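I have placed the structure first, in the form of structure tokens, so that the comments after it can refer back to it.
The values are calculated or read from the model by the stated rules, or taken from the named source; none is laboratory data. Only a predicted model underlies this, so the values are computations on that prediction, with no experimental measurement involved. Cβ placement follows ideal geometry from the backbone for every residue including glycine, while neighbour counts extend to all protein chains displayed.
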Amino acid sequence: MAGLCGSFKACHCCTARIGPSVLDCDTAMLATEAARALRAGADYLHLDVMDGNFVPAISFGANVIGKLRAHHPKVFFDCHMMVAKPEEQVEQVAQAKAIHPDTKKNLLQFTFHIETTKSRGKTQEVIDLVKQNGMLVGLALNPATPVEHVLPYLDQVDMALVMTVVPGKGGQSFMVDMMEKVRHVRAKYPEKDIEVDGGVKVHTVDEAAKAGANMIVSGTGVYKVEDMALAISTMKRSVELYGNGLTEDKLSPLRYDKETFWISKAWDLGNDPT
Ligand SMILES: O=C(CO)[C@@H](O)[C@H](O)COP(=O)(O)O
């Protein structure tokens, strides 16, 4: 039986990955809260760095990311740099570099905003600097920024981040009109990671998946729901179904928090999945 994605014209082979944004978790317990999401099935962590300048709020910085690395040496960190001068933070964030011991994959991505570099003529410079420092590169664009602003650089970056809210805080509403940008990038880049961030929850993820996003950031949709494992597995299945075109019988299983309890037991016994 054929998959469904053909009818959405966004079919791709990019892996479905769910990355909880830790912004709205109990950040005083960051390592534990991260572990909770990973045990519930999260594929990576989306770490929101806010400088009180590019966005009004201040969250945490490179120092905390480095400390978090010690707790989660095998986890992919997508560092979303909502900072006015990303070039000033590249070296510090790179301190959290890691390579997965089995897959040999790079576990650190530096995702910066085109709005912070384009007007200063520094986009190319920052891309080069991030690569020189051994990290993967993500390029983000705000809702008000036309997709054409990032297109000249997408060949060189590992991921495009289409913001689906105005960056600055969690818990805002998903801007479905941003899906046009996702569709545009997916049509040009069938093999590139495309991430969406802002207002993505179990009831909005299908729009993003149908448009072609494969990396799904969700903050309150993961940390402020009753069953974190169910939310994560539901979002993952959406990308597998609408993006990868898998049939129902091939989708990842739905998971529930009760299962998380048993997985955490295994974790305590030494099978650390994080
Ligand atoms: O970057 C941001 C906000 O600026 C996001 O990562 C949010 O933290 C996501 O939270 P939800 O919108 O999913 O609640």
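Filtered by the rule that a residue be touching an Asp or Glu at 6+ places or on another chain (Cβ under 7 Å), within 8 Å of the ligand (Cβ to nearest atom) and in contact (Cβ under 8 Å) with a residue 60 or more places away in the chain, region 154-170 gives a lone residue, Gly170. For Leu47, the test of being within 17 Å of the chain's Cα centre (by Cα) and in a helix (DSSP H, G or I) is failed.
Scanning region 200-236 for residues that are surrounded by 23 or more Cβ atoms within 10 Å (Cβ to Cβ) and either among the charged types (D, E, K, R) or not in a helix (DSSP H, G or I) (or both) yields Val200, Gly212, Ala213, Asn214, Met215, Ile216, Val217, Ser218, Gly219, Lys236. Just a yes or no: is a residue in region 125-135 under 24 Å from Ile58 (Cα atoms) and surrounded by fewer than 18 Cβ atoms within 10 Å (Cβ to Cβ)? Scanning region 125-135, I find no residue that is under 24 Å from Ile58 (Cα atoms) and surrounded by fewer than 18 Cβ atoms within 10 Å (Cβ to Cβ), so the answer is no. Filter region 31-43 for residues that are crowded, with 20+ Cβ neighbours inside 10 Å and within 15 Å of the ligand (Cβ to nearest atom); which is nearest to Met159 (Cα to Cα)? Of everything passing the filter in region 31-43, Ala42 is nearest to Met159 (Cα to Cα). The residue that is farthest from the chain's Cα centre (by Cα), among those in region 80-124 that are surrounded by 15 or more Cβ atoms within 10 Å (Cβ to Cβ) and of a type in the set (Asp, Glu), is Glu87. Is it true that Val55 is in a helix (DSSP H, G or I), surrounded by fewer than 21 Cβ atoms within 10 Å (Cβ to Cβ), within 16 Å of the ligand (Cβ to nearest atom) and more than 17 Å from the chain's Cα centre (by Cα)? Judged against the criteria, Val55 is not a match. Taking the criterion of being free of Cβ contacts under 8 Å to residues at least 40 places away in the same chain and either buried (at least 20 other Cβ atoms within 10 Å of the Cβ) or more than 15 Å from the ligand (Cβ to nearest atom) (or both), would at least one residue in region 16-27 satisfy it? No, every residue in region 16-27 fails to be free of Cβ contacts under 8 Å to residues at least 40 places away in the same chain and either buried (at least 20 other Cβ atoms within 10 Å of the Cβ) or more than 15 Å from the ligand (Cβ to nearest atom) (or both). Criterion applied to Val202, Val196, Val239 was being under 22 Å from Ala144 (Cβ atoms) and out of contact with any Pro (no Cβ under 7 Å at 6 or more places or on another chain), and the one residue passing it is Val196. Starting from region 185-208, take each residue that is closer than 16 Å to Leu241 by Cβ and list its partners that are outside any helix (DSSP H, G or I) and more than 15 Å from the ligand (Cβ to nearest atom), counting only C-beta distances under 7 angstrom and pairs at least six apart or across chains. Listed by first residue and then by second, the contacts come to Arg186/Ala10; Arg186/His12; Arg186/Ile194; Arg186/Gly212.
Can you find even one residue in region 66-73 that is among the charged types (D, E, K, R) and free of Cβ contacts under 8 Å to residues at least 40 places away in the same chain? There is at least one residue in region 66-73 that is among the charged types (D, E, K, R) and free of Cβ contacts under 8 Å to residues at least 40 places away in the same chain. Being of a type in the set (S, T, N, Q), farther than 30 Å from Ala84 by Cα and modelled with pLDDT of 95 or more is not true of Ser173.
Only residues that are hydrophobic (A, V, I, L, M, F, W, C) and assigned to a strand (DSSP E or B) were counted in region 97-114, giving 4.
Filtered by the rule that a residue be farther than 17 Å from Thr111 by Cα and either part of a loop (DSSP other than H, G, I, E, B) or within 16 Å of the ligand (Cβ to nearest atom) (or both), region 182-199 gives Tyr189, Pro190, Glu191, Gly199.
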